[in-house]
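Colleague: Provided herewith is a single structure, encoded as structure tokens, for subsequent inquiry.
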Amino acid sequence: MVTERPSYDRARVTSATAEPDAASGQPVAGTAEVTAPDLLAVVRAYVSLTKPRIVELLLITTVPTMMIAAGGLPPLGLVAVVLVGGSLAAGAANALNCYIDRDIDQLMRRTKRRPLPAHVVTPRHALVFGLVLAVVSVTLMAVFTNWLAAGLTLAAIVYYDLVYTLWLKRTTPQNTFWGGACGAAPVLIGWAAVTGGLSPVAWGLFAVVFFWQLPHFYALAIKYKQDYARAGIPMLPVVASARRVNIEIVLFTWLTVASSVVVWPLGMSLIYAVPAVVVGAVFLLEAHRLQRRSARGDAVRPMRLFHWSNTYLTVVFVAVALDALV
């Protein structure tokens, strides 16, 4: 998860007003400044609904997976369709997430400047925007790839918005775990688009992304613990002890790295294995460092682990791409 804090410019316009004269009580012409959304600000607001930095991260995992599935470079037309369709699908899921979460977004400092709490986009328009993106994305995947890839795309959107956002996020501290399937879905979608099926390598890479999300999101939730508590969202750091949270961070970091190692004998070479092991070791070091700081009562600095987790995932999937090319 990547945190975005968008701000929206407003164009200042001058209009005639009728203010009563202090002596006569008659209205006189005057000027007063009112605000109207600038077109560029509105466009930025709709883009912000899609959470583009999160989309970028998802695409980092999709293209290398397609390359290893194809044993090299897949057809560029297919890559383009999956990139566009996947971006629209992720954007749709995120826009619908903003629509569903508009009540809690206005309570959290981290999210209160998003388009809906900031009243730059109306809830109805956000809903329509998200649904249109969803229909277009699934249609693209169905027409230009195959039914498995299209079905996985639709399932990921539905799961993220109806199962995770609407239900799990608001009811259980295990929301991040059970919601992880949709975040790892682009790996399966990319593989299915190339091969029409799934394989152990695809499931292994899926496991890497699935388990990676736990230390990644828990670090963010530690940082914004008070925000989530204010909104009544039972993220694990809100309802559990720091010791429990840190144990889970370390556990799932180990599972992430273990999954990346398991992928190696399934068809990868040392070109993948060496970088995966090296960055995995650093990832583990950061997770244990966070745990030790917390146990000593020191400042934990969770965003260090959060940012490193992004680096870890990027390096692992760049290694996947290089392995496919050599």
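The values are calculated or read from the model by the stated rules, or taken from the named source; none is laboratory data. Predicted model, so just to flag it, every value in this text is computed and none were measured. Note that we place each Cβ from the backbone using ideal geometry, even for glycine, and neighbour counts take in every protein chain shown. Remember, those area values only see protein heavy atoms, side chains included, never the ligands or the DNA or RNA. Shrake-Rupley method; radii C 1.70, N 1.55, O 1.52, S 1.80 Å.
Colleague: Report ³J(HN,Hα) in whole Hz for each residue of the range 181-194, in order, from the Karplus equation J = 6.51 cos²θ - 1.76 cosθ + 1.60 where θ = phi - 60°; Gly and Pro get x.
Modeller: 4, 6, x, 8, 4, x, 5, 5, 5, x, 5, 5, 4, 7
Colleague: Give me the number: length gained by fully extending L127 to L40, i.e. 0.36 nm times residue separation minus the C-alpha to C-alpha distance, one decimal in nm.
Modeller: Values: separation 87, 0.36 × 87 = 31.32 nm, distance 2.03 nm.
Contour length minus the Cα-Cα distance gives 29.3 nm.
Colleague: Separate question: Can you tell me the relative contact order of the chain? Whole percent, Cα pairs under 8 Å, sequence separation 6 or more. Don't jump to the answer; show the numbers that get you there.
Modeller: Details: 514 pairs, mean separation 58.4, N = 326.
The normalised contact order for the chain reaches 18 percent.
Colleague: Over the Cα atoms of the range 49-188, Rg to Rh with Kirkwood Rh, two decimal places?
Modeller: On the way: Rg = 15.5 Å, Rh = 15.6 Å.
Across the range 49-188, the Cα-based Rg/Rh ratio is 1.00.
Colleague: Counting heavy atoms of the protein chains only and a 1.4 Å probe, report the per residue accessible area for the chain as a whole number of Å².
Modeller: 46
Colleague: What full-extension length gain, to one decimal in nm, is calculated for R289 and A229 as 0.36 nm per residue of separation minus the Cα-Cα distance? Let's see the in-between values first.
Modeller: Working: separation 60, 0.36 × 60 = 21.60 nm, distance 2.54 nm.
Full-extension gain reported as 19.1 nm.
Colleague: Defining a contact as two alpha carbons under 8 Å apart and six or more residues distant in sequence, what relative contact order in percent does the range 176-246 show?
Modeller: Details: 48 pairs, mean separation 20.2, N = 71.
Relative CO of the range 176-246 lands at 28 percent.
Colleague: Leaving out ligands, DNA and RNA, what percent of the accessible area of the chain is carbon and sulfur, probe 1.4 Å?
Modeller: About 67 percent, which is the carbon plus sulfur part of the accessible surface.
Colleague: Given the options V316, V209, V282, state which has the largest fluctuation in a GNM of the chain using a 10 Å cut-off (strictly under) for Cα springs.
Modeller: Most flexible of the set in this elastic network: V282.
Colleague: For the pair V278 and L322, how long in nm is the line joining their label points, each one 7 Å along Cα→Cβ?
Modeller: 0.7
Colleague: Gaussian network model of the chain, Cα springs within a sub-10 Å range: biggest mean-square fluctuation belongs to which of A184, A299, A93?
Modeller: For the chain, modelled as a Gaussian network with Cα springs under 10 Å, the answer is A299.
Colleague: Any chance you could look up the accessible area of K51 with a 1.4 Å probe, heavy atoms only, rounded to 10 Å²?
Modeller: We get 20 Å² for K51.
Colleague: Considering only C-alpha atoms, what is the centroid distance from the range 178-214 to the range 45-119, in Å?
Modeller: Centre-to-centre distance over Cα atoms comes out at 16 Å.
Colleague: Pop a pseudo-label 7 angstrom from the Cα along the beta-carbon direction at both K112 and V47 and give the gap in nm to one decimal.
Modeller: 2.6
Colleague: Which order do you get for I189, I222 if you rank them by accessible area with a 1.4 Å probe, largest at the top?
Modeller: Numbers: I189 20, I222 40 Å².
My answer, sorted largest first, is I222, I189.
Colleague: Using a Förster distance of 30 angstrom, determine the FRET efficiency expected from the C-beta separation of N146 and L166, and round it to 0.05. List each step's numbers first, then the result.
Modeller: Numbers: r = 29 Å, r/R0 = 0.97.
In this case the efficiency is close to 0.55.
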